[in-house]
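Inspection log for the structure reproduced underneath, given as structure tokens.
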Amino acid sequence: MSKQDLLAPVLETKCGVGLLHLFINGLELDCSIGVHPHERLSPQPVRIDVQLTRPEPLQPINDDFANVICYEALIERIKTVVSSGHVNLVETLAERIADGICSEVPTITKIKVKVCKLAAFDHVSSVGVELEKIF
């Protein structure tokens, strides 16, 4: 029996439907954020990480851009949310980012948004929050 004959049953078997985890890491933007009066005077740097989970498409992706979620569109959506005006809390910003993405990508089953303020305190690289929503 040849190797091809031994592999034939394996090659004919379809794997179950999986999950796709898409991510954007380290998006750094200036944001008007904070509860203190001095934080309203000028934007401060934030770093945003987003992870989306969705079912693997039932149809093959076929290396076709039209069959996937566009990272560029996600980044532009995040930029729109961040630039939409002052926000007091990193928690609020994380919620707005999650809601903004979910409204445009209804197939998401889970989203994680991490927002870090990079210059909030001396001697600390960052402070922030990570929000996870499951649908």
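For the reader, a short list of remarks on this structure follows.
- Couplings for the stretch 48-64, taken from phi via the Karplus curve 6.51 cos²θ - 1.76 cosθ + 1.60 with θ = phi - 60°, read 10, 10, 10, 10, 10, 10, 8, x, 4, x, 5, 8, x, 6, 6, 6, 10 Hz in order; Gly and Pro are left as x.
- Distant-in-sequence amide H partners of GLN44 (H built 1.01 Å from N, under 5 Å): CYS31, SER32, ILE33
- Phi to ³J(HN,Hα) by Karplus 6.51 cos²θ - 1.76 cosθ + 1.60 over the stretch 122-128, Hz, x for Gly, Pro: 5, 6, 10, 5, 6, 9, x
- Amide proton proximity set for GLU56, modelled H, under 5 Å, gap of 5+: GLY18, LEU19, LEU20
- Mean residue ellipticity at 222 nm, helices only, the chain: -8500 deg cm²/dmol; runs of at least 4 DSSP H residues each add -39,500 (n - 2.57), and the sum is divided by the number of residues.
- Phi-derived couplings, Karplus 6.51 cos²θ - 1.76 cosθ + 1.60 at θ = phi - 60°, listed residue by residue for the stretch 22-27: 9, 9, 10, 10, x, 6 Hz, with x used for Gly and Pro.
- The chain: relative contact order as a whole-number percent, Cα under 8 Å and 6+ apart: 25
- Among [x] 26, 21, 15; [y] 21, 17, 14; [z] 41, 15, 12, the entry that matches semi-axes √(5λ) of the Cα gyration tensor in Å as calculated here: [z]
- Of all DSSP beta bridges confined to the stretch 20-134, the antiparallel ones make up roughly 95%.
Quick note: the coordinates plus some simple rules give every number you see, no bench work behind them. Predicted, not measured: the structure shown is a model, and the values here were computed from it.
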